[in-house]
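For reference, the structure discussed in these notes is given below.
The values are calculated or read from the model by the stated rules, or taken from the named source; none is laboratory data. Remember, it's a predicted structure, so these values are computed and weren't measured experimentally. Please note: Cβ atoms are built from the backbone with ideal geometry, for glycine as well, and neighbour counts cover all protein chains shown. Ligands, DNA and RNA are stripped out before the accessible areas are found, and what is left, the full protein with its side chains, is counted by its heavy atoms. Shrake-Rupley method; radii C 1.70, N 1.55, O 1.52, S 1.80 Å.
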Amino acid sequence: MQEREIEHALVIHVTEFLLELGAGFAFVGRQVLLDVGGDEFFIDLLFYHLKLRCYVVIELKAGKFKPEHLGQLGFYMTAVDRQVKGEHDNPTIGLLLCKSKNKIVAEYALGDKTQPMGIAEYKLLESLPIELQTSLPSIEQIERELAGDGPFREDESQ
């Protein structure tokens, strides 16, 4: 799947995605434009955490984690801190969601970072509690949606 397709599927089901993230997240936007020195950059997903009082940048990668992804994430976090966050907000948190990661490579890549960031693998159903799994679309439904074969229907859930 391409990153935009993953993002689109998440936005369609933003309520379920917010449940997966945990309490306190507010959706700010997708493909949020940042103008840095006259160049345009786009954050995949931007949230605000109400209890932590900070922005949360989520960068999506369709493939395996690469250390250079953290450079891009850190850049976005710095831009949000300088251009978006208010004086009473805490520093921005970054989360990189990728299809897979080598835990040792990820640990090394995060080793000297001072910005609050993390790396996680995305999984559709495996990490959800059983009571939530029944209310989410199946992998097959998501694949059909991404292929353009029609929207999800409540009666098709597992």
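Of the residues 66, 61, only one is basic (Lys, Arg) and within 15 Å of the chain's Cα centre (by Cα); which?
Exactly one residue qualifies, and that residue is 61.
Out of the residues in the range 70-81 meeting the condition of being touching a strand residue (DSSP E or B) at 6+ places or on another chain (Cβ under 9 Å) and without any contact (Cβ under 8 Å) to a residue 40 or more places away in the chain, tell me which one is farthest from residue 2 (Cα to Cα). Steps first, please.
To start, the set of residues in the range 70-81 that are touching a strand residue (DSSP E or B) at 6+ places or on another chain (Cβ under 9 Å) comprises 70, 72-81.
Checking the rest, the ones that are also without any contact (Cβ under 8 Å) to a residue 40 or more places away in the chain come to 72, 75, 78, 81.
Numbers: 72: 18, 75: 22, 78: 26, 81: 28 Å.
Taking the candidates together, the pick is 81.
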Residue ranges of helices (runs of 4 or more DSSP H) in the range 6-112 with at least 3 members open to solvent by 10 Å² or more (accessible area, probe 1.4 Å), modelled with pLDDT of 90 or more and out of contact with any Ser or Thr (no Cβ under 9 Å at 6 or more places or on another chain): 68-83
